[in-house]
Amino acid sequence: MNPFALRLAGVLILALTNAQAQPAVTLSSETPAEFKPVISSFDFDRREVMVPMRDGVKLKTIILVPKAARGAPIFLNRTPYNASKKLSRLDSPHLASVVPQMNDTTVAAGYIIVSQDVRGKYGSEGDYVMNRPLVGPLNPTAVDHATDCFDTIDWLVKHLPESNGRVAVGGGSYEGFTTVMCTVHPHPALKAAVPFAPMVDGWIGDDWFHNGAFRQDGSLDYTYDQEATRKNDEKWWSGYTDTYEQYLRTGSAGDVAASRGLEQLGFWRAIASHTAYDRYWQLQAVDKLMAKEPLTVPTMIVSGLFDQEDIYGGPALYAAMAQAHPNSDKLHLVLGPWNHGGSRNTGRAIGSILFEGDTAAWFRAKVMQPFLDRYLKDAPTPLPPRALVYETGANEWQRYDAWPRACAQGCATVSRKLYLQAGGKLGFEPPAPGAAAFDEYIADPAKPVPYRARPTLAIGAEGSTWGEWLVDDQRHAASRTDVLVYETEPLKAPLRIAGQPWADLIASTSGTDADWVVKLIDVWPAEVPGNARMGGYQQMLSADIFRGRFRADITSAQPLKAGEPLAYRIRLPQANHTFLPGHRVMVQVQSSWFPLYDRNPQTFVPNILFAKPADYQKATQRLWHTPAQASAIELPVIAAAP
C-alpha cells in the first residue's frame, strides 16, 4: 500500500473512533405535550365530551355554545359520519361558518349546536349495527337509538347551564332515521324533530332495494365504507372509471361483493339472506313502527321530490303517521324540489332544471326555523301547513290540508288513466279495438340499459353528478331498441298532477323472471328560446323499478309463467307537477336500470344476488295494450272543483 493510502486509512480510523466516543446529539421536539389554542376571538366555545349511556358505553359528543348563550335551546344531531368533521365545515372563529349549512338559521337564532357519533362509529364506544333496530325481536340488547338519544338529551339538559332545557333533533338520511328514533319514548325535554330525507324502509323504496331489485351501485360501496372500520378508514376501490363496465365485467352483485371481501361484514350478510320482504325488513320498517307510537313530539318531515337515495321514506312515514293521527297538529310534511341533500344546502337547481330562487334557504328561514322557535322559544309563530309541497313546472309552493290525494281550496283531485297505445301513442282514451295488441323488445342482460348516460361515475368520484340523475335527460334511453316509448301530442292546456302516480302494466316475458322499469317524463318543446339546452329535453319526473318475482307476494319470490300476460301495479314516487302547454307527457318502459340496480337474469333462480353466468338469458318482453288488457299510468290530476 502506498504512503498516501496509509495516511488516508489512518485519518478514517481516527474519525470513526472519535465519532463513537462522542455522545449522540438529539433535537428537542418543537411540539409541546399539550397545546392550548388562543380562542378569545371565537364567538363560540367548543366542548368535547364522552356522554355515558345506560349500559356504560360512552358516546363522543361535540358541543358548540355561542359565547352570548343564556337560556338557549339545543339542536342535536346524531350521526354515523364523524361528529367532529360535521362541526368543522370551515376553519373559522365564527359559529355560522363551522356548522353545516342545515344549521344556518338555528345558529342565527342563538341555538346551542350538538353533534354526536352514534355508538360504534368514530369516537364513540360500543358496537356498530347498520340502522340499529329498536329493542325487540331484531335487537335483544337493552339499548337502541331511542335509548341513546334519551340518555344524551338527559345529560345535555343537566350539564349545559347556558341552555333553557329544551331540545330539538334533526338531520338527514341516516341522521333522519336517528332523528325519528329519538321520538320513540322521547325525553320530556325533546320539543321538536325535523327528519330530513329519513331512511324508512330499505326494501320497499329506500337505500338497499326498490320493490325487490337490489340497488348494488351505492349499497355495496356504502356498506364497505361504513362497516369495514370504525372510522371509515377502508375505502371502496374500483379500478374503473365507468361503474357500468365494472359491474358488468365482474358479474352478479354477489360476485362484486366477494371481490371486495364484503362477506366479512354483517350487513351484507343480512342483505344477502333477506332478498324478499320478510320479517327482517317488516319489523324495522320505520313507518310501520311509528304508526303504532303516540305522537307527542311535533315533527316536520322534510323530503325531496328528486331524492336519489331515500325518495320513498319521508312520504311513507308521513302517510303512516297521518293515518294513525289524523287530527294531530303536531305532524307536518314538506316536499321540496330537492335531491337527497338539497333541503340542507342550496335549492336553486338540480342539473339543468331551475327553480324559483333558493328554495332550500327559504324553507329553512321561513318554515323550519319558525317551527322550531314555536316549540323551543315560545315564539308566537303560526303553525305551518299540514303539507307544504313545491309544484315543479309552475315553480311555486302549494299548501295542502292533507297529502296525497288532496289539493288546495277551489280544486279537486281525480284519478285519470293515461293509456299506453299502439304506435307509441299515449292518451286518456282507452286502446281502440283492432290496433296492435302489444309492443315488444328483446331484453339482453349482456347489454343492460344504463340508468344514466355513460360513463356512470361512482358516487363521490371526480365529476360525478350523482345528485342529478333523477332529472336527467332520458333521450339516451329513448333511442335504444330495448326501451318502449309512448308520448302524447303537445299539450294545449296545462296538465297538473299532485299526489301518487301508479303504473298499471299488463306485461309478459318469454323468461321466468323479469324487471320492469317505468318512467314518467315531461318532454320540453323541441326548441326553447333562450335556453337551447332544454330543447326537446326529456325530464324524468317519477320513476321506479319492480322485480317480477314479487308480483304475487312480496314476502316470497315466485317464478313468472313464461309468455303469459300478467298484471303489475307499480307505485311511482310522488309528484307535484304541471306539464305546461307545448310540452308532451312521455312514458318509457324497460327491463334494466344498470348498474344502479343489479341485473335480473330473466331465468328464475333462488337468489339473484348469486346468479351464475349461465343464468343470464335474453328474453322477449311484451307490453299489452288492448281494450281487455290495457296498460296505463294512473295520474292524480288536479281539476277545477265542480
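The values are calculated or read from the model by the stated rules, or taken from the named source; none is laboratory data. These numbers come from a predicted model, not from an experiment. Cβ: placed from backbone, ideal geometry, glycine included. Neighbour counts: every protein chain shown.
General observations
- Residue match in the stretch 616-632 (condition: in contact (Cβ under 8 Å) with a residue 12 or more places away in the chain and within 25 Å of N339 (Cβ to Cβ)): no
- Of the residues examined, T179 is not one that is touching a Phe, Trp or Tyr at 6+ places or on another chain (Cβ under 6 Å), crowded, with 24+ Cβ neighbours inside 10 Å and under 21 Å from D373 (Cβ atoms).
- Flag for F214 being aromatic (F, W, Y), touching a Lys or Arg at 6+ places or on another chain (Cβ under 8 Å), at pLDDT 95 or above and outside the structural domain of R599 (by TED's automatic domain parsing): no
- Pairing each residue of the stretch 214-225 that is free of Cβ contacts under 8 Å to residues at least 12 places away in the same chain with any residue that is assigned to a helix (DSSP H, G or I), provided the two are 6+ apart or on different chains, yields no C-beta distance under 7 Å.
- Failed item in (1) surrounded by 24 or more Cβ atoms within 10 Å (Cβ to Cβ); (2) assigned to a loop (DSSP other than H, G, I, E, B), with S556 passing the rest: (1)
- Count - residues of the stretch 206-237 that are in a loop (DSSP other than H, G, I, E, B) and at positive phi: 3
- Pairs where the first residue, in the stretch 375-399, is touching a residue at least 60 places away in the same chain (Cβ under 8 Å) and the second is in a loop (DSSP other than H, G, I, E, B) and crowded, with 19+ Cβ neighbours inside 10 Å, C-beta under 7 Å, 6+ apart: Y375/P298; A387/W403; V389/W403; Y390/L305; Y390/P337; T392/L305; T392/P337
- Extreme residue, farthest from R78 (Cα to Cα), among residues of the stretch 149-189 that are in contact with a His (Cβ under 9 Å, 6 or more places away or on another chain) and part of a strand (DSSP E or B): V167
- Check on G261, at pLDDT 95 or above, touching an Asp or Glu at 6+ places or on another chain (Cβ under 9 Å) and surrounded by fewer than 16 Cβ atoms within 10 Å (Cβ to Cβ): no
- Every test in (1) outside any strand (DSSP E or B); (2) crowded, with 22+ Cβ neighbours inside 10 Å; (3) touching a residue at least 40 places away in the same chain (Cβ under 8 Å) is passed by A192 save one, and that test is (1).
- Among residues that are in a strand (DSSP E or B), of a type outside the set (G, A, S) and not assigned by TED's automatic domain parsing to the domain that holds D221, K519 is included.
- Qualifying residue in the stretch 360-381 (condition: in the same structural domain as L190 (by TED's automatic domain parsing) and in a strand (DSSP E or B)): no
- Consider the stretch 200-222 and keep the residues that are within 21 Å of H145 (Cα to Cα) and either among the hydroxyl-bearing types (S, T, Y) or in contact with a Ser or Thr (Cβ under 6 Å, 6 or more places away or on another chain) (or both). The one that is surrounded by the most Cβ atoms within 10 Å (Cβ to Cβ) is W208.
- Residue check, N607 touching a residue at least 40 places away in the same chain (Cβ under 8 Å), surrounded by fewer than 19 Cβ atoms within 10 Å (Cβ to Cβ) and under 29 Å from the mean Cα position of the chain (by Cα): yes
- Test result for L248, closer than 21 Å to P455 by Cβ and buried (at least 22 other Cβ atoms within 10 Å of the Cβ): no
- Hits in the stretch 559-588 (condition: touching a strand residue (DSSP E or B) at 6+ places or on another chain (Cβ under 7 Å), farther than 18 Å from N600 by Cα and in a loop (DSSP other than H, G, I, E, B)): E564, P565, L572, P573, Q574, H583
- None of L335, L317 is over 20 Å from E391 (Cβ atoms), touching a strand residue (DSSP E or B) at 6+ places or on another chain (Cβ under 8 Å) and not assigned by TED's automatic domain parsing to the domain that holds I459 except L317.
- Total residues in the stretch 290-302 satisfying the condition of being among the charged types (D, E, K, R) and assigned to a strand (DSSP E or B): the figure is 0.
- D225 meets the conditions (1) closer than 26 Å to V118 by Cα; (2) surrounded by 18 or more Cβ atoms within 10 Å (Cβ to Cβ); (3) under 17 Å from the mean Cα position of the chain (by Cα) in every case but one. The failed one is (2).
- Residues considered: S173, S115. Of these, the only one that is among the polar types (S, T, N, Q) and more than 30 Å from D515 (Cβ to Cβ) is S115.
- Yes/no for P627 being part of a loop (DSSP other than H, G, I, E, B) and touching a Phe, Trp or Tyr at 6+ places or on another chain (Cβ under 6 Å): no
- For beta carbons closer than 6 Å, sequence separation of 6+ or different chains, a first residue in the stretch 472-487 that is assigned by TED's automatic domain parsing to the domain that holds A619 and a second that is of a type in the set (S, T, Y), the qualifying pairs are D473/Y537; D482/Y441.
- Evaluation of Q421 against (1) polar (S, T, N, Q); (2) within 20 Å of V517 (Cα to Cα); (3) free of Cβ contacts under 8 Å to residues at least 12 places away in the same chain (one fails), failing number: (3)
- Any hit, the stretch 272-289, residues being part of a helix (DSSP H, G or I), more than 30 Å from V449 (Cβ to Cβ) and aliphatic (A, V, I, L, M): yes
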